[in-house]
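Data block below; observations after.
The values are calculated or read from the model by the stated rules, or taken from the named source; none is laboratory data. In this text, all values refer to a predicted model and were calculated from it rather than measured experimentally. Because the Cβ atoms are built from the backbone with ideal geometry, glycine has one as well, and the counts that use them run over all protein chains shown.
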Amino acid sequence: MRIYFDNSATTRPYPEVAEAMQACLLENWGNPSAIHSFGRDAYDALSQAREQVGGLLNAEPGEVYFTSGGTEADNLAILGVAERFQRGHIITSSIEHAAVLGCCRYLEKQGFAVSYLPPDQDGLVSAAQVEAALRPDTLLVSLMLANNEVGSIQPVAEVGRLLADRGVLLHTDAVQAVGKMPVDVQDLGVDMLTLSGHKINGPKGVGALYVRHGVDLQPRLWGGGQERRIRSGTENMPGIVGLGVAARLTRERWPQQVSRAGQVRDCFLAEVQRLVDGAVVNGGLVRRLPSNLNMSFQDVEGAALLLFLDLAGVAASAASACSSGRAEPSHVLQAMGLAEWRLRGAVRFSFGWENTLDEARQAAQILAEQVKLLRRDKHTEG
Ligand SMILES: *Cc1c(COP(=O)(O)O)cnc(C)c1O
């Protein structure tokens, strides 16, 4: 028996995604830029995927740019705007994904000014903080829609209304939010939005950036001029086709899927609280993705607990997958001002539509046993 509670790190592709990708590789393998029938068939598949992704976001197909994933889409948005302006000020939060923070730190070295807004204890940044940070030379606000570690949902639509007539562009990293809550680029009032295939039961190595018509980005890759000159390179057709199918299925299924994930999370949380003393939830439970849970356990190291859980068949993760393996505590939990023991003990459980209530009960039982073992070891050591 193995239980997968790490759906924020990656998700299992839908079988329909794998089938469409295989058909693309075996049958529709033409180059979409070629003018003969092989090329036209591939171009049709590319156009269909663009419509499917646009449909998921309530965007026009012509506003969808395919990339190699969420990381590249974040880079294209932030660096693409910055390089158009050459200088200026950017506002972001201190709990963004490493892709956004990495771009911002790089731009600081290039002479840009960056404000990193700190979250409150619940992992939330407010529109008022954004407003207070605005400067005459502010070019761009990049604020994630949902946080990958604690699932906190940021007030992006409110920031969108705030910036509507100020000539400041708004980008949101919606990689964790898509498929878990309504994500409509018109309602959000964003100019750019990032999504990633493998977080919505699609393939890895493919993502998309929504760019509102009229927003002018500096290309990141130069070459044959694919993706309307913004992102050169022959398209990753199997990945793009797979992403298109994942987008179509996510659009149809997300309300039922996220409600299932939420039921599993709530059951797991209730069981853990019943079985384990000294267990606390990191972050607020109100403005939070139903699929996310982040907890710390008194007198238990998160890294050790993850190892024990894995041996017992439960897959979870420390903070984000990208930073595990490193010893530093999570930058997100640190920014939320949590006590030292909570930083050291933090474990993220993230739930998907395939998880069951039975798994929630079993995993809580296993967790209770492992916490007990670790506490006993600690006690005998001391
Ligand atoms: C996973 C993730 C990314 C990176 O996406 P990749 O497709 O893995 O490059 C970016 N932002 C957030 C919030 C993520 O969770």
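Does at least one position in the range 88-105 carry a residue that is among the basic types (Lys, Arg), free of Cβ contacts under 8 Å to residues at least 24 places away in the same chain and away from the ligand (no atom under 12 Å from the Cβ)?
Taking the range 88-105 and keeping what is among the basic types (Lys, Arg), we get 105.
Next, only the ones that are free of Cβ contacts under 8 Å to residues at least 24 places away in the same chain stay: 105.
Now restrict to residues that are away from the ligand (no atom under 12 Å from the Cβ): 105.
Checked against the condition, which is being among the basic types (Lys, Arg), free of Cβ contacts under 8 Å to residues at least 24 places away in the same chain and away from the ligand (no atom under 12 Å from the Cβ), the range 88-105 yields at least one hit.
Kindly indicate the residue of the range 335-359 that is assigned to a loop (DSSP other than H, G, I, E, B) and of a type in the set (S, T, N, Q) and also nearest to VAL150 (Cα to Cα) among those meeting that condition.
Our first condition is that a residue be assigned to a loop (DSSP other than H, G, I, E, B); within the range 335-359, this holds for 336-339, 346, 351-356.
Keeping just the survivors that are of a type in the set (S, T, N, Q) gives 355-356.
Numbers: ASN355: 19, THR356: 21 Å.
Filtering the range 335-359 for residues that are assigned to a loop (DSSP other than H, G, I, E, B) and of a type in the set (S, T, N, Q), the one nearest to VAL150 (Cα to Cα) comes out as ASN355.
Kindly indicate which of PHE66, PHE5 is within 30 Å of ARG348 (Cα to Cα), of a type in the set (A, V, I, L, M, F, W, C), in contact (Cβ under 8 Å) with a residue 60 or more places away in the chain and in contact with a Ser or Thr (Cβ under 7 Å, 6 or more places away or on another chain). Show your work before the answer.
Values: PHE66 fails: in contact with a Ser or Thr (Cβ under 7 Å, 6 or more places away or on another chain).
Sole residue among the options that is within 30 Å of ARG348 (Cα to Cα), of a type in the set (A, V, I, L, M, F, W, C), in contact (Cβ under 8 Å) with a residue 60 or more places away in the chain and in contact with a Ser or Thr (Cβ under 7 Å, 6 or more places away or on another chain): PHE5.
Evaluate the range 332-347: report whether one residue or more is in contact with an Asp or Glu (Cβ under 6 Å, 6 or more places away or on another chain), crowded, with 23+ Cβ neighbours inside 10 Å, modelled with pLDDT of 95 or more and over 22 Å from ILE3 (Cβ atoms).
There is at least one residue in the range 332-347 that is in contact with an Asp or Glu (Cβ under 6 Å, 6 or more places away or on another chain), crowded, with 23+ Cβ neighbours inside 10 Å, modelled with pLDDT of 95 or more and over 22 Å from ILE3 (Cβ atoms).
Here is a yes/no grid of residues against (1) on the phi < 0 side of the Ramachandran plot; (2) assigned to a loop (DSSP other than H, G, I, E, B); (3) modelled with pLDDT of 95 or more:
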position	(1), (2), (3)
ASP216	yes, yes, yes
GLY224	yes, yes, yes
ARG228	no, yes, yes
PRO238	yes, no, yes
THR250	yes, no, yes
ARG253	yes, no, yes
VAL258	yes, no, yes
GLY262	yes, no, yes
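For residues in the range 270-313 being in a loop (DSSP other than H, G, I, E, B) and among the charged types (D, E, K, R), which is farthest from TRP254 (Cα to Cα)? Walk me through how you get there before you give the answer.
As a first pass, look at the range 270-313 and keep what is in a loop (DSSP other than H, G, I, E, B): 276-278, 282-287, 289-291, 298-301, 312-313.
Filter once more, keeping what is among the charged types (D, E, K, R): 277, 287, 299, 301.
Details: ASP277: 34, ARG287: 18, ASP299: 38, GLU301: 34 Å.
The selected residue is ASP299.
From the list ARG84, ARG50, exactly one residue is more than 22 Å from the chain's Cα centre (by Cα), among the basic types (Lys, Arg) and either under 15 Å from PRO238 (Cα atoms) or more than 16 Å from the ligand (Cβ to nearest atom) (or both). Which is it? Working first, answer last.
Values: ARG50 fails: more than 22 Å from the chain's Cα centre (by Cα).
The conditions single out ARG84.
Return the residue satisfying two criteria in turn: it lies in the range 167-188 and is more than 10 Å from the ligand (Cβ to nearest atom) and assigned to a loop (DSSP other than H, G, I, E, B), and of such residues it is farthest from LEU217 (Cα to Cα).
LYS180
Considering only residues that are buried (at least 24 other Cβ atoms within 10 Å of the Cβ) and near the ligand (Cβ under 10 Å from one of its atoms), look in the range 70-81 and name the one that is nearest to ILE230 (Cα to Cα).
Within the range 70-81, the match that is nearest to ILE230 (Cα to Cα) is ALA73.
Could you tell me whether the range 119-138 includes any residue that is touching a Phe, Trp or Tyr at 6+ places or on another chain (Cβ under 7 Å) and away from the ligand (no atom under 16 Å from the Cβ)? Walk me through how you get there before you give the answer.
Going residue by residue through the range 119-138, those that are touching a Phe, Trp or Tyr at 6+ places or on another chain (Cβ under 7 Å) are none.
No, the range 119-138 contains no residue that is touching a Phe, Trp or Tyr at 6+ places or on another chain (Cβ under 7 Å) and away from the ligand (no atom under 16 Å from the Cβ).
Among residues belonging to the range 363-382 that are within 10 Å of PHE308 (Cα to Cα) and either in contact with a Cys (Cβ under 6 Å, 6 or more places away or on another chain) or aliphatic (A, V, I, L, M) (or both), point out the one that is surrounded by the most Cβ atoms within 10 Å (Cβ to Cβ).
LEU367
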